[in-house]
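The values are calculated or read from the model by the stated rules, or taken from the named source; none is laboratory data. Keep in mind it's a predicted model, so treat the numbers as computed, not measured. Here Cβ is always computed from backbone atoms with ideal geometry, including for glycine, and neighbour counts include all displayed protein chains.
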Amino acid sequence: MSYKKIKNNSKEQGATLLSVVSILLVLTIVGLSAARMSILDIKVSSNEEQQMMLYQEAENSLRTITNPEKLYTWMEAQKNGGVGIDDIVTAQYKAKTGITALNRKYACVGNGGAVSIGPDAPTCNLYDFQVDIKKKGLGTNDVHHRGAGKEVPHNGGVYK
């Protein structure tokens, strides 16, 4: 059996190889960009999860410091030149807490009665509770304020 060498005079030699390589190159670029977008989505969702956990921990910290006992302790410490409220530190979080007197007064309820209006009405002071919380090891932080706490005056008078 003899084999004859066939001579191909066509100018299309290698065109198939070139087109297949270019299609593979385009598919590779599309695949790599999809992988990068997927990694970015994972990072974004992880960041959102960390931020939500931090938000919930800050809300828990605010709940801890916005009780009347903490406010009273803080007010007594302020009279004596102290801080009066402790920072909250757990295994994962560190929360710097504080109370700020807003130096504003409003008419408030005394002895379970209705709010009265006028110059002789008992007044209460407004306070702002704040938490600046950070997650250890990540640098994620969040700052929360809880409205204004109030001081109910003793014996219907103004706290001094």
Practice item. Being under 30 Å from G137 (Cβ atoms), among the β-branched types (V, I, T) and assigned to a helix (DSSP H, G or I) is the filter here, so list the residues in the stretch 64-96 that pass it. Key: T64, I65
Practice item. Taking the residues in the stretch 101-131 that are surrounded by 13 or more Cβ atoms within 10 Å (Cβ to Cβ) and among the β-branched types (V, I, T) as candidates, determine which candidate is modelled with the highest pLDDT. Key: V131
Practice item. Return yes when Y55 is of a type in the set (F, W, Y) and at pLDDT below 75 and no when it is not. Key: no
Practice item. State yes or no: is L138 at pLDDT 70 or above and loosely packed, with under 12 Cβ neighbours inside 10 Å? Key: yes
Check your understanding: Within the stretch 29-51, can one find any residue that is under 16 Å from the mean Cα position of the chain (by Cα), of a type in the set (A, V, I, L, M, F, W, C) and over 30 Å from L126 (Cβ atoms)?
Key -> yes
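Being β-branched (V, I, T) and within 15 Å of K136 (Cα to Cα) is the requirement here; does I42 meet it?
So I42 does not fit the description; no.
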